[in-house]
Every structure is written in C-alpha cells, then in structure tokens.
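Step one of this worksheet: look at the structure below.
The values are calculated or read from the model by the stated rules, or taken from the named source; none is laboratory data. As the structure is a computational prediction, the values presented were derived from the model and not from experiment. Glycine also receives a Cβ, built like all others from the backbone with ideal geometry; neighbour counts cover every protein chain displayed.
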Amino acid sequence: MRICIFGAGAIGGLMAARLAAKGESEVTVIARGPHLAAMQAHGLKLISEGEETVVRPRCVETAAEAGPQDYVVVTLKAHALPKVAPQMQPLLGPETAIVSAVNGIPWWYFYKLAGPHEDRRVESVDPGGALWETLHPSRAIGCIVYPAADVPEPGVVNHTYGDRFTLGEPDGSRSPRANALSAALVAAGFKAPVRPKIRDELWVKLWGNLAFNPLSALTGATLDVITGDPELRAVCRTMMLEAQGVAEALGTRFAIDVDKRIAGGAEVGAHKTSMLQDLERGRPMEIDALLGVVVELAALVERPAPTCQTVLALLRTRGRLAGCY
C-alpha cells in the first residue's frame with residue numbers, strides 16, 4: 001500500500017512515523033524547508049508517551065518525485081489547499097484516494113449529500129469550485145483528526161495526546177478503500193473507525209473550533225479561560241447554538257449537547273488554540289474554514305447567525321491587521 005503524507009507537519013508527521021515504524025506500507029512524506037532537510041539527513045523522530053522512535057520514510061519535496069499513490073493524506077491547513085492542489089496531480093492515479101485530514105468544512109461536503117444542495121460548491125473553502133475540479137470529490141475520504149502534536153524542531157514530532165482518526169466516505173458506504181486504510185492505521189497503533197455519517201462527527205469537532213479558535217485569537221486567552229469565564233463562555237455557547245441550527249438544517253444530528261461539547265474543551269486546560277498560535281507566529285489563520293463557512297452555510301439555509309457574523313467580522317479585521325488573513 002502506497003501512502004503519501006502531503007504536508008507532513010505535526011499531524012502528518014505523527015501518522016507517517018507510526019505507519020513507517022509498522023513497515024507494512026510504503027510511506028512517502030512531502031515536506032519542505034528545514035523540516036524536510038532534517039528528515040532526509042537524520043530521519044523522522046517521533047516523541048510519544050516518553051518514548052523516542054526514529055524512522056526513515058521516503059522524504060521528498062515535490063509530488064513529481066513521489067509519483068502515483070494509493071492514498072494521499074492531506075494534512076495541510078485548509079487555506080493552503082487551493083494553492084497546492086494543482087501540484088498534487090502527479091500523485092493521482094486512476095484509483096488514488098485523497099484522505100482529507102483538514103479542519104473545518106471540506107470542499108467535498110455536498111458531494112453525494114442527498115437533498116436540495118447536493119453537489120454544491122462551498123465558496124469559503126473552494127473559491128470558484130477549483131478544488132472540486134482539480135481534486136474531484138469522488139476521490140475523497142473524510143478524516144476527523146483527534147490527536148494533538150507539534151514540531152518542536154525540524155525533523156521532530158512531539159505527540160501529546162489522542163490516537164483516533166475517524167474515517168468516512170461522503171456517500172456513507174463502508175468501501176473497500178476506506179476499510180483498507182482503517183486497517184493500516186489500526187496496525188500502526190491508531191484507532192480508525194469508519195463511520196457512515198462522517199459529517200455528523202465533522203460538525204461536532206467544528207462545533208468547538210468555530211467558537212474557541214476565533215475567541216482565542218481575538219482575546220489571547222487559552223481554552224481554560226474561554227470556557228471558564230462566564231462572559232466568554234456565553235459567547236461561545238451562542239455561536240455554537242447558531243451553528244447547530246445551520247448544521248441541523250443540512251441534516252446533521254448531534255450526539256452530544258452544547259454544554260458537554262464546551263466541557264470537552266475545558267478538559268484540555270490551558271491550551272493555546274491553533275488559530276492563536278498561527279496569529280502569534282504571523283501565519284495565515286484558518287478563518288474561513290472554521291467560521292466563514294458557517295456564516296456562508298447559514299445564509300444558504302436561511303438560519304440566523306448574528307453572533308457568528310459579528311465575531312467573523314472582528315476576526316477578519318484582526319487577521320488583516322496582523323498580516324494573517
């Protein structure tokens with residue numbers, strides 16, 4: 001099985017290291033800069049639960065060097081995908097699956113989603129429908145990422161918690177390709193269930209991210225403060241309830257209630273969200289994939305989302321002034 005990790009930062013590096021250590025898959029990593037150079041020279045070091053493992057997957061800079069794959073796991077930030085999608089073409093054979101391990105609503109969201117919006121393009125994450133045409137949704141396997149990891153130095157991935165990657169086909173089937181990928185991930189030490197309603201789980205994760213991330217970027221607060229301060233918690237709750245109305249209008253059903261989801265965020269503790277980390281480092285923030293898309297879909301299904309709209313306007317301005325949007 002040929003598996004390519006496209007954008008092997010923290011999460012991609014974790015997946016690559018575990019798969020390569022198991023040795024049952026031909027793993028190729030596409031990266032760049034000092035991180036790539038370090039992996040090529042010294043291998044990829046994974047630090048997890050106090051143990052260090054060094055593996056040597058094939059590490060290259062371009063898709064052309066990697067060649068056609070069975071699976072391409074995309075672990076980039078959502079806003080980076082439209083720019084690099086044309087570069088991914090050498091990876092794609094007739095049966096290549098694209099595993100979308102990206103935060104937020106994906107470009108394939110409405111593919112084979114029965115109802116009035118089936119096959120609709122999502123402008124916030126797929127401007128002009130370019131991704132739909134370049135990386136056709138028929139190739140997509142959804143992937144919800146739960147582990148947390150970081151890259152403390154080039155060539156090193158530090159895995160702090162979590163071991164689950166939930167998979168799902170857009171049409172809800174338990175396809176042979178999804179089952180085979182699940183088996184490979186399980187053999188590598190992950191939990192990798194294949195779910196028939198991947199969008200439901202996608203929304204539960206997004207439910208927190210659409211509120212926690214923007215508020216952290218606007219205030220500089222960590223998760224424990226956002227969920228513990230009564231005023232900030234109230235803003236979070238309002239945003240999440242607005243988003244729940246949007247999601248349910250699109251057919252999503254939530255397995256937990258809003259307060260349990262907020263409590264789950266509180267359990268993480270004094271954690272800086274990815275959006276706050278990006279802001280502090282001067283990197284582009286995932287504004288549209290996490291919140292802009294919610295406002296877009298609210299307009300589509302004619303559901304009110306005034307708090308989400310207000311926070312989005314503030315966040316976009318914050319991002320522009322910081323050069324991060």
Just checking, which of ALA97, ALA38, ALA66 is modelled with pLDDT of 95 or more and in contact with a Pro (Cβ under 6 Å, 6 or more places away or on another chain)? ALA38
Given (1) at pLDDT 95 or above; (2) surrounded by fewer than 23 Cβ atoms within 10 Å (Cβ to Cβ); (3) assigned to a loop (DSSP other than H, G, I, E, B), number of the condition LEU76 does not satisfy: (1)
Restrict the check to the stretch 53-73 and report whether at least one residue is aliphatic (A, V, I, L, M) and under 16 Å from the mean Cα position of the chain (by Cα). yes
Residue in the stretch 276-305 that is surrounded by the most Cβ atoms within 10 Å (Cβ to Cβ), counting only those that are over 16 Å from TRP203 (Cβ atoms) and over 17 Å from the mean Cα position of the chain (by Cα): LEU279
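Given the criteria basic (Lys, Arg) and either modelled with pLDDT of 95 or more or not assigned by TED's automatic domain parsing to the domain that holds ALA221 (or both), does ARG253 qualify?
yes
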Over the stretch 204-236, the set of residues over 18 Å from LEU315 (Cβ atoms) and within 23 Å of the chain's Cα centre (by Cα) is VAL204, LYS205, ASP224, THR227
Go through (1) in contact with a Ser or Thr (Cβ under 6 Å, 6 or more places away or on another chain); (2) among the hydrophobic types (A, V, I, L, M, F, W, C); (3) part of a helix (DSSP H, G or I) one by one and return the number of the condition LEU215 breaks. (1)
Within the group THR227, THR238, which residue is surrounded by 22 or more Cβ atoms within 10 Å (Cβ to Cβ) and β-branched (Val, Ile, Thr)? THR227
Check whether at least one residue in the stretch 267-275 is β-branched (Val, Ile, Thr), closer than 23 Å to GLU123 by Cα and either at pLDDT below 95 or surrounded by 14 or more Cβ atoms within 10 Å (Cβ to Cβ) (or both), and report yes or no. no
Residue list for the stretch 19-35, restricted to those being under 21 Å from the mean Cα position of the chain (by Cα) and surrounded by fewer than 24 Cβ atoms within 10 Å (Cβ to Cβ): ARG32, HIS35
Could you please give the count of residues in the stretch 71-99 that are closer than 22 Å to ALA211 by Cα and without any contact (Cβ under 8 Å) to a residue 60 or more places away in the chain? 0
